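Q: Have a look at this one before I ask anything.
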Amino acid sequence: MLKDNKNIKNYIGTIIILIVAFLVYLFATDVFKVLDPVLFPGFSKIGPKFYDSMPKLWKSLISSLKLLIPGYFGAAFSGILLGILIGTNPRLNKNLRPIIFALNPIPPSMMTPYLIAIMPTFYLSSVAVIFIGCFWPFLNGTINGIVLIDQKYLDNSKVLELKGFKKLLNVILPAAAPSILAGAGTALNFAFILLAIAEMFATNSGLGYFIQYYADFSDYARVIAGLLFMGCFIVIVMLSFEKLKKKILFWTLNENK
């Protein structure tokens, strides 16, 4: 109970900002009607539309997760695996770095029409967009984490005669974990952005499609309802990721103390 109260206190500033934003929008729409009622529907319209759309929003969320999960975790597996291979091999790192620098800045969203054309299904093209966007943060985070490992950790591994997989598992990956998880956080942000883009272009379901569909019909109450639902889901995922990150990197928190 005390822990829950402490967690609430940590977000008291966030709660105040949200309440103020809610009241400002409420007074600007439903009360004083100073904003365009079509483009800025009040909560009196958003609330009922949000409630009515809940079954469709949950169905859209499940559809989005079918794209998000394979795209993100596929990028995590391949990015970390290739990052380990490149990061632990100086010659390979030196030769591939220019190629990585060239390909990394290309926005995956620009590749969406091409991926739709070459992939056999819209589903695969949507997963591919998310995969490409998430792959680079994982790859760069892993390579940088390994390359920048403090020499004392490597020296200690020599003293303990750790080699091969044992060295990788007990020294290299733990030391590179902060950088890898930083890349994972960046990839997660990209995943949500690219998910919305992919669903607007290449699918007929999902949260991005839901928002775009009702925007086309100027039903902005449902658009805002979709944005609020998606925003709440993203906050839950990001907070869960931060909690997981702290558990994995507990030893760095102890060092900072």
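Q: Considering only the stretch 151-257, give the helices (runs of 4 or more DSSP H) lying wholly within it that have at least 1 residues that are under 30 Å from residue 48 (Cα atoms). Outline the logic, then answer.
A: Values: elements: 151-159, 164-167, 173-202, 207-216, 220-248, 250-256.
In the stretch 151-257, the matching helices (runs of 4 or more DSSP H) lie at 173-202, 207-216, 220-248.
Q: Among residues belonging to the stretch 39-51 that are in a helix (DSSP H, G or I) and open to solvent by 50 Å² or more (accessible area, probe 1.4 Å), point out the one that is nearest to residue 231 (Cα to Cα). Walk me through how you get there before you give the answer.
A: Going through the stretch 39-51, the residues in a helix (DSSP H, G or I) turn out to be 43-51.
Add one more test, that the residue is open to solvent by 50 Å² or more (accessible area, probe 1.4 Å), and what stays is 43-45, 48-51.
Values: 43: 17, 44: 20, 45: 19, 48: 18, 49: 16, 50: 13, 51: 16 Å.
If we take residues in the stretch 39-51 being in a helix (DSSP H, G or I) and open to solvent by 50 Å² or more (accessible area, probe 1.4 Å), then 50 is nearest to residue 231 (Cα to Cα).
Q: Consider residue 182 carefully, then state whether it is open to solvent by 40 Å² or more (accessible area, probe 1.4 Å), under 18 Å from the mean Cα position of the chain (by Cα) and either within 30 Å of residue 119 (Cβ to Cβ) or at pLDDT 95 or above (or both).
A: Working: open to solvent by 40 Å² or more (accessible area, probe 1.4 Å): yes; under 18 Å from the mean Cα position of the chain (by Cα): yes; either within 30 Å of residue 119 (Cβ to Cβ) or at pLDDT 95 or above (or both): yes.
Criteria met by residue 182.
Q: To continue, here is another question. Among 66, 59, 49, which is touching a Lys or Arg at 6+ places or on another chain (Cβ under 8 Å), within 28 Å of residue 209 (Cβ to Cβ) and not small (Gly, Ala, Ser)? Walk me through it before giving the result.
A: Details: 66 fails: touching a Lys or Arg at 6+ places or on another chain (Cβ under 8 Å); 59 fails: touching a Lys or Arg at 6+ places or on another chain (Cβ under 8 Å).
Answer to the check: 49.
This table checks each residue for (1) open to solvent by 50 Å² or more (accessible area, probe 1.4 Å); (2) assigned to a helix (DSSP H, G or I); (3) of a type in the set (Asp, Glu).
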| position | (1), (2), (3) |
| --- | --- |
| 37 | yes, no, no |
| 53 | no, yes, no |
| 69 | yes, yes, no |
| 76 | no, yes, no |
| 102 | yes, yes, no |
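Q: What's the number of the condition residue 199 fails, among (1) closer than 26 Å to residue 115 by Cα; (2) surrounded by fewer than 16 Cβ atoms within 10 Å (Cβ to Cβ); (3) of a type outside the set (A, V, I, L, M, F, W, C)?
A: Checking residue 199 against (1) closer than 26 Å to residue 115 by Cα; (2) surrounded by fewer than 16 Cβ atoms within 10 Å (Cβ to Cβ); (3) of a type outside the set (A, V, I, L, M, F, W, C), the one that fails is (2).
Here is a yes/no grid of residues against (1) among the polar types (S, T, N, Q); (2) crowded, with 24+ Cβ neighbours inside 10 Å; (3) at pLDDT 95 or above:
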{"residue": "120", "(1), (2), (3)": "no, no, no"}
{"residue": "129", "(1), (2), (3)": "no, yes, no"}
{"residue": "134", "(1), (2), (3)": "no, yes, yes"}
{"residue": "155", "(1), (2), (3)": "no, no, no"}
{"residue": "159", "(1), (2), (3)": "no, no, no"}
{"residue": "195", "(1), (2), (3)": "no, yes, no"}
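Q: Might you check whether a residue that is modelled with pLDDT under 85 and surrounded by fewer than 19 Cβ atoms within 10 Å (Cβ to Cβ) occurs anywhere in the stretch 214-221?
A: No, the stretch 214-221 contains no residue that is modelled with pLDDT under 85 and surrounded by fewer than 19 Cβ atoms within 10 Å (Cβ to Cβ).
The values are calculated or read from the model by the stated rules, or taken from the named source; none is laboratory data. Quick caveat, the model's predicted, so the values are computed rather than measured. All Cβ positions, even for glycine, are placed from backbone atoms using ideal geometry, and neighbour counts span all protein chains on display. Ligands, DNA and RNA are excluded from the accessible area calculation, which covers all protein heavy atoms including side chains. Shrake-Rupley method; radii C 1.70, N 1.55, O 1.52, S 1.80 Å.
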